[in-house]
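The values are calculated or read from the model by the stated rules, or taken from the named source; none is laboratory data. Every value quoted in this text rests on a predicted model; they were computed, and no experiment measured them. Cβ placement follows ideal geometry from the backbone for every residue including glycine, while neighbour counts extend to all protein chains displayed. All accessible areas refer to the heavy atoms of the entire protein, side chains included, with ligands and DNA or RNA removed. Shrake-Rupley method; radii C 1.70, N 1.55, O 1.52, S 1.80 Å.
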Amino acid sequence: MSFQRSDRNAIIIIGFLIMIVVVANFIVLQMSPKSSSDFSEVKAMINSWELARAEKIESKKAVFFEFDPNTVSEKTLDSLSIPAVIKLNISSYRKAGGKFNTSSDVRKIYGMNDSIFSLLEEYIRISRPKIESTYSKPTTKSKPLSPFDPNTIDVDSLRDYGFTEFQTGNIVKYRNNGGVFYQSFDLLKIYGIDSAFFVKISPYVKIEQKELEPDPIGIEVVKIELNSADSADLVQLKGIGPAYANRIIKYREILGGYYNKEQIKEVYNFPEELYQQVEGYIFVDTTAIKKLRINFSEFSELLRHPYFSKNEVKLMLDKRDRDGAYKNIDDLQVLEGFDSEKVKKIRPYISCR
């Protein structure tokens, strides 16, 4: 059997191609992966990366915790996730004598806005001092209560009207030191007797009125200057005890001083009758008033003054930022709520200097 030359060439080419396929197949089999060990290393790397990423995300989460803004230390306050300027203003407010009575007071801090406060509000915990009730129910059940004179009533009888041991002891000390009750509301100057208890026992108070001997001729009547007086000075006034004296001084500090003696009627729970009683023995030195410089004062400083509301302070500062420094106090009259009476009231306490 014989092949032509072209046939022989075709057979050679086919054989060569078959050999190439066999060799290629052998090489491919030798290059196939042996095991999945490499994948375990890759998986370990992926897990490590995801863990590190999770830790990084966790570290960036906002940090909030319960705190009392009146007592929290600066170090602890610094760890809260709020702007540094707010932390600084809280510390400055406390150092200046400010106190947070409710959580909403924190909202007044300069730099605080509604969005930050909404996140912070649920964590604010303001401690309240435990106050024991100053009123106890009368111990006598069968004996009906009759009017009594606090200048002469004995200790046991005071208990019948619901006076506590603490209140009774203070009344006795007051009388032993020469104190006299001239009117029923004089009982309010006794430490431990508050207005709630006074309302309950006042219907039973009946003070025997004695004729007062006229003052000896030539003896000078003592007058008290409200802007410089301390507690010892104020308690010399008839009807003013330690409680009222402290309230008068605290309100004076908040105001910046009294410019009119009638302003003591703005003191908490100060009755008109008591003012009429002391009016002739008090006066004010207006040169002692401390004024607020409205061109330099900050939001929190202005808001502490009892004659300014939050909205009024905001209007004042907005105008200052928009139009520049105030040149005259009367410039405030263009603002809502600042009519001539309002400006007259605040004029002694502000300065454009």
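Taking Lys and Arg as +1 and Asp and Glu as -1, the other residues whose beta-carbon sits under 13 Å from that of Phe283 total -3.
Computed from phi, the 3J(HN,Hα) profile of the range 154-160 under the Karplus parametrisation 6.51, -1.76, 1.60 (θ = phi - 60°) reads 7, 4, 4, 5, 4, 5, 4 Hz, with x in place of Gly and Pro.
A crude spin-label estimate for the pair Asn101 and Gln333, with each label 7 Å from Cα along the Cβ direction, gives 3.3 nm.
Close amide H pairs (under 5 Å, H built 1.01 Å from N) link Ile294 with Ser351, residues at least 5 positions away or on another chain. Summing charges over all other residues whose Cβ lies under 10 Å from the Cβ of Gly97, with Lys and Arg as +1 and Asp and Glu as -1, gives +3. Ignoring ligands, DNA and RNA, what percent of the accessible area of the range 223-353 is carbon or sulfur (1.4 Å)? Whole-percent figure for carbon plus sulfur exposure: 47.
Backbone amide hydrogens, once placed in the peptide plane, bring Asp285 within less than 5 Å of Leu226, Asn227, excluding anything fewer than 5 places away on its chain.
Pairs with C-alpha atoms separated by more than 31 Å, drawn from the list Lys200/Lys265; Lys75/Lys342; Lys95/Lys319, are Lys75/Lys342. First compute the accessible area of the range 140-200 with a 1.4 Å probe, then give the percent of it belonging to carbon and sulfur atoms. Of the solvent-accessible surface of the range 140-200, carbon and sulfur hold 55 percent. Normalised by the number of residues in the range 230-353, the average gap of Cα pairs under 8 Å and 6 or more apart makes the relative contact order 24 percent. Rolling a 1.4 Å probe over the heavy atoms of the protein chains gives the range 168-314 an accessible area of 58 Å² per residue.
Taking amide H positions as modeled 1.01 Å from N, with prolines and chain starts lacking one, the residues under 5 Å from Val205 and 5 or more places away or on another chain are Phe148. 3J(HN,Hα) along the range 69-74, derived from phi through the Karplus expression 6.51 cos²θ - 1.76 cosθ + 1.60 where θ = phi - 60°, amounts to x, 7, 10, 4, 6, 5 Hz, with x in place of Gly and Pro.
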